[in-house]
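Accompanying notes for the structure given below.
Nothing in this text is a laboratory measurement; each read-out follows from the coordinates by a stated rule. What you are looking at is a predicted structure, and each value in this text was computed from that prediction instead of being measured. Glycine gets a Cβ as well: all are built from the backbone with ideal geometry, and neighbour counts include every protein chain shown.
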Amino acid sequence: MKIQGMEPGVPRGEVTLTWPGRPPLVLELRGLAIGVDDRIREIIPQPTPPSRGLALDPKSRKPLRDPATGKVIPAYDVYDRGYQAAVRKANARRMILMIAEALKGQAKLTFDTPEPDEGAKQAVWEKYADCLEAEFAAYGFAEGHVAQLIKAVMELTNVSPEELEETREAFLSEEPEAETPGGPPSEADEA
């Protein structure tokens, strides 16, 4: 494909981070290519909330069934504190991986932790994200810096203002996104 007046590649931009008593840090970022966000979500998927039995019809109190399969629909406890903590941690890890991807090729900032191979297991990617987060923390990056970086990445990736606000809220929120009676069944539900 050729587009008149454009060169192939993802857009690039700069973000300036500041700290009290330190000179500003100007970093070059690049937008995320098509599919990177999906790949990161596959690497670190959304946690499944714990089951709290079956979803019941409010009037008859009988278990609800999936109209397509006829199977009973499990109910999940999205307010479980452990689940909420796991969601916050998964969101933070995904954001760190997005930032790391956007910073690739950056001369001013390189990571000590090597990136895992493409086929690495989820636990390896989680440890990698945790190590990157520790590297950021060692240099005094705060949540505000991470939020500023992810906002710049999303803008370069041409995410709509609504999606950007949803991402920001998910990162900063301690509340679950929504309670749904169904969702992906856990191993306990299928037993």
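Brief remarks on what is shown
- Gyration tensor analysis over the Cα atoms of the range 1-82 returns equivalent ellipsoid semi-axes of 47, 24, 10 Å (largest first, whole Å).
- Zero-based 10 Å bins, Cα pair distances in the range 37-142, whole percents: 13, 33, 24, 16, 10, 4, 0
- All other residues whose Cβ lies under 15 angstrom from that of GLN106 are scored, Lys and Arg at +1 and Asp and Glu at -1, for a net of -2.
- Across the range 75-82, coupling constants 3J(HN,Hα) worked out from phi with the 6.51/-1.76/1.60 Karplus curve, θ = phi - 60°, read 9, 10, 9, 6, 9, 4, 4, x Hz, and Gly and Pro carry x.
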